[in-house]
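Data first, discussion second: the structure below is written as structure tokens.
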Amino acid sequence: MEADVPNVQVPALAAYLAEHRSQAHRVLHHIIGLGRPFLLRSDLTDAADYLEADEPGLGETPLTAMLRRCEEAAIDASWIYLALRRRVARWDYLRIHLEAMDLQQVSVTEYLGFKEHLATGGNEDPFGLEIDLAPFYRDQYKLQEAESIGRGVEFLNRRLSSRLFEEIGKGDQRLLHFLRMHSYRGQQLMLNASIKSVVELRNALRQALIPLRRRPTHAPYADVATELRTLGFEPGWGADVARIRDTMGLLLDILEAPSPRALEEFLGRVPMIFSIAILSPHGWFGQSNVLGRPDTGGQVVYILDQVRALEREMHQRLMEQGIDIEPRVIVLTRLIPEAQGTLCNQRLEPIAGTRNALILRVPFRNAAGEELQHWVSRFHLWPYLERYALDAERELLAELGGRPDLIIGNYSDGNLVASLMSQRLKVSQCNVAHALEKTKYLYSDLYWRDNEDRYHFSAQFTADIIAMNTADFIITSTYQEIAGTDDSVGQYESYARFTMPGLYRVVAGVDVYDPKFNIVSPGANEDIYFPYTADERRLKHLHPEIEELIYGGERRGDTRGVLARRDKPLLFTMARLDRIKNVTGLVDWYGRSPALRELADLVVVGGHVDAARSGDDEEREQIGIMHDLMSRHGLDGQVRWLGVHLEKQLAGELYRCIADRRGAFVQPALFEAFGLTVIEAMSCGLPTFATCFGGPLEIIEDGVSGFHIDPNHGDVSAETIAEFLRQTAADPGLWPRCSSAALERIESRYTWRLYAERMMTLARVYGFWKYVTDLERAETRRYLEMLYGLQYRPLARAMEG
Ligand code: UDP
Ligand code: LCN
């Protein structure tokens, strides 16, 4: 796939190896001496640093410089194979013969084959399945520049509009057909059949504009409806004369000389989206008492806020276009009969803060058709999804009285169900990943068998590949979620090539240069996460409860530690107690740092203090570690650990109360796909220290709107926080400056209003291009169907036993 990209490094490196054999030997033998068949980027960088310390200059030879850019090395007695990531999403595979110092470029197939050879101890399968979507890629639909990744819709508009309109000039009817296909419940919208060609359309627009210009701008659509209909125009152009004129003017401009911007604006007005189905099958999905339960975190918060924002935006756009229809949004999730005091056993639940959006719950059924009573972890639900897709589809159609206009999937399971449903219903599919598992677990692909019973990554990664490729467009919260950074691989990028020995090898799974990727970042609910300075809005009635949470005694087995020093600022963290969230890491750094312990106390909201209350293996493990650390470092007077799940209002006010005390929020995750708590804290004006791995790297500008911390270097991170606290004590202006910068950052980038506007435009534009071009191809769909039928299905079925 990358063969067209010339690799400039190879000849220079080959020359170096030939000329400096003994030096190269020393470098490579040091690496072999580490004694491991697979080395990661951090191992290679450490090795280069070690060599540099040993002999200055050795760390920066062409060989070591190249090793620093390798994501992985695979080594046997004769060869070292290297995966070189030259820059964002551009990879080369090389091998060096350890005696001959001979350097060769190898194909991705050979590279992955070598890994399989090592991982299976020589038992690799020479005829194993190789998944390759590259033959379906088409260059004209690919971005060229890494900087453009995540702005797919802009690219499509630029690339396709001039071509389409050239063809229209030659009599092409596609635009006309597109404008004629809109209707709602039997009511024709936009154009009726009396306009038969683009020439007629142009004439009709000109004709319509003459009387429209004479009318008062605020005259309602009803005043001109009859006149417009006789010319061929149906409702949908605008609610009043001004808007109708504007929309018609836009279309005339486009027909004259299309600009991508005008096209986007025009399509943004076409009434195409009346109802949306959002899929989030797995977790406890509800509006209260669910956060903090296993598998139920930011995704639920995200979707509920998304629903409110989308409904508002849909409503506004329809009103502006003069269409008096109530938009519908339905979140499809699982009905869990044993609901443990939540509403997850209720079929329908109206979503608060919306006009008529609903949660619609449909149970999982087993092969015998019986409803599953209990929650099923996201790692074990694969056998139920196909039946769920059919049941959910039936209930959705009944509830809406027809098909939705857009299906949005969430996470691996929701995206797979979205794929099945949108293929069947012929509706546009949008995916949101949130946080996929592949990059969270080391060697989740290569050594998949070791964890198969616990995680079932075989089914999950197969589902991911299928869903990524069936989606019409994919929304990500950050750039690096797609393509990583100079130094780290993106979540999606990691699906481009990988191997699961004994299952299959992927040589082209997804292409991050595909224009289906768009960055649309979420926000934090502004009614809940508002600045601590907004005195009149503060929830003062919650202050006694917050006081008790922070400074109260140990209660009912759900807290540990009592804070004694009321004069100290507070550091605050709140997360599910998953290993990846690294809350235990933070407690450990804090415990080890006398400076930090002297400067501030730490408040932790997460998990349960009593392990017996937890129903999740990983969480119980983390609870054990928390207790160990509290005891080992003697933290009971300085760390307040609350094993409670805070309702949003309380959480919002808590962030602000921490800000009142000139504290800070800390998000120490080993990796965080986005990090809603980070934007929540910042929206409250709380200075934030957050992991440099994942979303926060992009959300925060280090040293300006917050700080990055490296979870792998806890001592340095502890010192970064300590230094900030020292400086704020010395310079009273520093804390407010940091707080304001955080607020500005959020305002400019992370709001649900911006999100909804963008999302609604994307849905229309992708719908348009799908209709008028050959973006969707039958051969890709057929290949994916085979993958589903022959690979995914047997894996899922085998799990059911
Ligand atoms: N949350 C909450 N109360 C709690 C714990 C968490 O309201 O007791 C919310 C938190 O405010 C955030 C979400 O749960 O909105 C967690 O999202 P995030 O993106 O930080 O992490 P995730 O859990 O999705 O990995
Ligand atoms: C899941 C996660 O782990 C977080 O990083 C995100 O913020 C959340 O979903 C919402 O997308």
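May I ask you to verify whether VAL583 is closer than 23 Å to ILE679 by Cβ and touching a residue at least 40 places away in the same chain (Cβ under 8 Å)? In short, yes. Residues in the stretch 531-543 include at least one that is within 16 Å of ligand 1 (Cβ to nearest atom), part of a helix (DSSP H, G or I) and touching an Asp or Glu at 6+ places or on another chain (Cβ under 6 Å). Of the residues making up the stretch 430-442, at least one is outside any loop (DSSP other than H, G, I, E, B), within 16 Å of ligand 2 (Cβ to nearest atom) and not polar (S, T, N, Q).
Among what's in the stretch 267-294 and is aliphatic (A, V, I, L, M) and open to solvent by less than 10 Å² (accessible area, probe 1.4 Å), pick the residue that is nearest to GLY615 (Cα to Cα). It would help to see each step written out before you state the result.
Applying the first criterion (aliphatic (A, V, I, L, M)) to the stretch 267-294 yields 267, 270, 272-273, 276-279, 290-291.
In the following step, the residues that additionally are open to solvent by less than 10 Å² (accessible area, probe 1.4 Å) were identified as 267, 270, 273, 276-279, 290.
On the way: LEU267: 48, VAL270: 48, ILE273: 40, ILE276: 33, ALA277: 30, ILE278: 27, LEU279: 24, VAL290: 13 Å.
Residue satisfying both the conditions and the ranking: VAL290.
Residue count for the stretch 660-669, restricted to those that are more than 13 Å from ligand 2 (Cβ to nearest atom), surrounded by 24 or more Cβ atoms within 10 Å (Cβ to Cβ) and either closer than 9 Å to TYR532 by Cα or of a type in the set (A, V, I, L, M) (or both): 2. Scanning the stretch 307-335 for residues that are β-branched (Val, Ile, Thr) and more than 18 Å from LEU762 (Cβ to Cβ) gives ILE323, ILE325, ILE330, VAL331, THR333. One residue stands out in the stretch 675-697 among those that are among the hydroxyl-bearing types (Ser, Thr, Tyr) and closer than 20 Å to ALA718 by Cβ: the one that is nearest to ligand 1 (Cβ to nearest atom), namely THR677. Quick one: is ARG656 within 16 Å of ligand 1 (Cβ to nearest atom) and part of a helix (DSSP H, G or I)? So ARG656 fits the description; yes.
Each residue in the stretch 365-391 was checked for being over 24 Å from the mean Cα position of the chain (by Cα) and either surrounded by fewer than 20 Cβ atoms within 10 Å (Cβ to Cβ) or closer than 29 Å to ILE273 by Cα (or both), and 13 of them qualify. Just one of the listed residues (GLU672, GLU723) is open to solvent by 10 Å² or more (accessible area, probe 1.4 Å), among the acidic types (Asp, Glu) and within 16 Å of ligand 1 (Cβ to nearest atom), and it is GLU672. Criterion applied to PRO736, PRO711 was being touching a strand residue (DSSP E or B) at 6+ places or on another chain (Cβ under 7 Å), at pLDDT 95 or above and either part of a helix (DSSP H, G or I) or open to solvent by 10 Å² or more (accessible area, probe 1.4 Å) (or both), and the one residue passing it is PRO711. In the set (1) within 15 Å of ligand 2 (Cβ to nearest atom); (2) of a type outside the set (Lys, Arg); (3) within 27 Å of ASP132 (Cβ to Cβ), the condition left unmet by TYR513 is number (1).
Being buried (at least 24 other Cβ atoms within 10 Å of the Cβ) and more than 12 Å from ligand 1 (Cβ to nearest atom) is the filter; apply it to the stretch 698-708 and report the residue that is nearest to THR478 (Cα to Cα). So that I can check it myself, show each step before the final result.
First, pick out the residues of the stretch 698-708 that are buried (at least 24 other Cβ atoms within 10 Å of the Cβ): 699-700, 706.
Narrowing the set further to residues that are more than 12 Å from ligand 1 (Cβ to nearest atom) leaves 700, 706.
Working: ILE700: 12, GLY706: 17 Å.
Going through the qualifying residues, I end up with ILE700.
Scanning the stretch 675-696 for residues that are open to solvent by 20 Å² or more (accessible area, probe 1.4 Å), of a type outside the set (Ser, Thr, Tyr) and within 9 Å of ligand 2 (Cβ to nearest atom) yields a single hit, LEU676.
The strands (runs of 3 or more DSSP E) falling completely within the stretch 469-508 that include 1 or more residues that are more than 22 Å from LEU446 (Cβ to Cβ) map to 473-476.
Of all the listed residues (ILE195, ILE131), the sole one being open to solvent by less than 70 Å² (accessible area, probe 1.4 Å), outside any helix (DSSP H, G or I) and closer than 30 Å to MET468 by Cα is ILE131.
Output the residues belonging to the stretch 295-346 that are more than 30 Å from ARG243 (Cα to Cα), open to solvent by less than 30 Å² (accessible area, probe 1.4 Å) and within 16 Å of ligand 2 (Cβ to nearest atom). Across the stretch 295-346, the qualifying residues are ASP295, THR296, GLY297, GLN299, VAL300, VAL301, TYR302, ILE303, LEU304, VAL331, THR333. Considering only residues in the stretch 253-272 that are touching a Lys or Arg at 6+ places or on another chain (Cβ under 7 Å) and among the hydrophobic types (A, V, I, L, M, F, W, C), the one that is nearest to GLU200 (Cα to Cα) turns out to be LEU255. In the stretch 631-659, the residue that is farthest from ligand 2 (Cβ to nearest atom) out of those that are open to solvent by 60 Å² or more (accessible area, probe 1.4 Å) and not polar (S, T, N, Q) is ARG632.
Output yes when any residue across the stretch 166-185 is small (Gly, Ala, Ser) and in a helix (DSSP H, G or I), and no when none is.
Taking the stretch 166-185 as the starting set, the residues that turn out to be small (Gly, Ala, Ser) are 169, 171, 183.
Retained after the next criterion (residues that are in a helix (DSSP H, G or I)): 169.
Checked against the condition, which is being small (Gly, Ala, Ser) and in a helix (DSSP H, G or I), the stretch 166-185 yields at least one hit.
Selection over the stretch 338-396 of residues that are more than 19 Å from SER412 (Cβ to Cβ) and assigned to a loop (DSSP other than H, G, I, E, B) gives a count of 24.
Of the residues making up the stretch 527-543, one or more are under 21 Å from LEU686 (Cβ atoms), surrounded by 16 or more Cβ atoms within 10 Å (Cβ to Cβ) and within 16 Å of ligand 2 (Cβ to nearest atom).
Among the residues of the stretch 426-464, what is the count of those that are within 16 Å of ligand 1 (Cβ to nearest atom) and closer than 19 Å to THR296 by Cβ? Talk me through it step by step, then tell me what you get.
First, pick out the residues of the stretch 426-464 that are within 16 Å of ligand 1 (Cβ to nearest atom): 432-441.
Checking which are closer than 19 Å to THR296 by Cβ leaves us with 432-437, 440.
Selection size over the stretch 426-464: 7.
Being modelled with pLDDT under 90 and among the hydrophobic types (A, V, I, L, M, F, W, C) is the filter here; which residues of the stretch 54-74 pass it? Correct list: LEU58 only.
Quick one: is ARG620 without any contact (Cβ under 8 Å) to a residue 24 or more places away in the chain, under 32 Å from the mean Cα position of the chain (by Cα) and surrounded by fewer than 23 Cβ atoms within 10 Å (Cβ to Cβ)?
Working: without any contact (Cβ under 8 Å) to a residue 24 or more places away in the chain: yes; under 32 Å from the mean Cα position of the chain (by Cα): yes; surrounded by fewer than 23 Cβ atoms within 10 Å (Cβ to Cβ): yes.
Taking the combined requirement at face value, the residue satisfies it.
Filter the stretch 586-616 for residues that are part of a helix (DSSP H, G or I), touching a residue at least 60 places away in the same chain (Cβ under 8 Å) and either surrounded by fewer than 23 Cβ atoms within 10 Å (Cβ to Cβ) or touching a helix residue (DSSP H, G or I) at 6+ places or on another chain (Cβ under 6 Å) (or both) and give the result.
Residues of the stretch 586-616 that are part of a helix (DSSP H, G or I), as a first pass: 586-592, 594-599, 611-613.
Going one step further and asking which of them are touching a residue at least 60 places away in the same chain (Cβ under 8 Å), we end up with 586, 588-590, 592, 595-596, 599.
Passing the criteria: ASP588, TRP589, TYR590, ARG592, ALA595, LEU596, LEU599.
The values are calculated or read from the model by the stated rules, or taken from the named source; none is laboratory data. Computed from a predicted structure; not experimentally measured. A quick note on method: Cβ atoms are made from the backbone with ideal geometry, for glycine too, and the neighbour counts reach across all protein chains shown. Areas reflect the complete protein model, heavy atoms only, side chains present, ligands, DNA and RNA absent. Shrake-Rupley method; radii C 1.70, N 1.55, O 1.52, S 1.80 Å.
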